[in-house]
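The values are calculated or read from the model by the stated rules, or taken from the named source; none is laboratory data. Here the structure is a predicted model, which means the values were calculated and not measured. So basically every Cβ, Gly included, is an ideal-geometry build from the backbone, and we count neighbours across all protein chains shown. Heavy atoms of the whole protein, side chains included, go into the accessibility calculation; ligands, DNA and RNA do not. Shrake-Rupley method; radii C 1.70, N 1.55, O 1.52, S 1.80 Å.
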Amino acid sequence: MSLVRRNNVFDPFADFWDPFDVLERFSQSGYVFRSVVPAASTDRDTAAFASARIDWKETPEAHVFKADLPGIKKEEVKVEVDDGNVLVISGERSKEKEDKNDKWHRVERSSGKFLRRFRLPENAKTDQVKAGLENGVLTVTVPKAEVKKPEVKAIEISG
């Protein structure tokens, strides 16, 4: 069974918001954009999920990364520290199995692999990284090393 893509069906909301469609339209009009999707990916479903959106905030104690990964199990996500200070978050959402007796009306949920890399600052304690997945939100906490304030030594002035 082949799925009916939304390009083949009248959809009043088809152009409501699709960031990849905007990239395609701009590139066709002569503007040059560096795609957020890996070049090897040609499947639109995979491309839509390829760039998982991640927030990175810094608190006084840590760097905190949050990624929305609805429907993903913790076994499908990998969090690593590579090259000493590069945080790598990757995973894959599998496509739902198709049954030839099913009639699909709409396919909007994306699937495929994702991979994000973040170069951590020098003050990151990469040996103490913690990650948790709760209610579809992955939270990665990278503690920060205490910054030692330089000791000020008073110098007596002679004379």
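Things worth noting here:
- Of the numbered criteria (1) in contact (Cβ under 8 Å) with a residue 60 or more places away in the chain; (2) out of contact with any Leu (no Cβ under 7 Å at 6 or more places or on another chain), the one residue 118 fails is (2).
- Members of segment 56-115 that are open to solvent by 90 Å² or more (accessible area, probe 1.4 Å), under 14 Å from residue 132 (Cα atoms) and not in a strand (DSSP E or B): 73, 74, 75
- Residue in segment 130-137 that is of a type outside the set (D, E, K, R) and farther than 24 Å from residue 72 by Cβ present: no
- Residue in segment 41-55 that is loosely packed, with under 10 Cβ neighbours inside 10 Å and at pLDDT below 85 present: yes
- Scan of segment 138-159 for residues that are touching a strand residue (DSSP E or B) at 6+ places or on another chain (Cβ under 9 Å) and either loosely packed, with under 10 Cβ neighbours inside 10 Å or more than 15 Å from residue 54 (Cβ to Cβ) (or both), ordered by number: 143, 144, 145
- Number of residues in segment 116-137 that are part of a loop (DSSP other than H, G, I, E, B) and either acidic (Asp, Glu) or surrounded by 13 or more Cβ atoms within 10 Å (Cβ to Cβ) (or both) equals 5.
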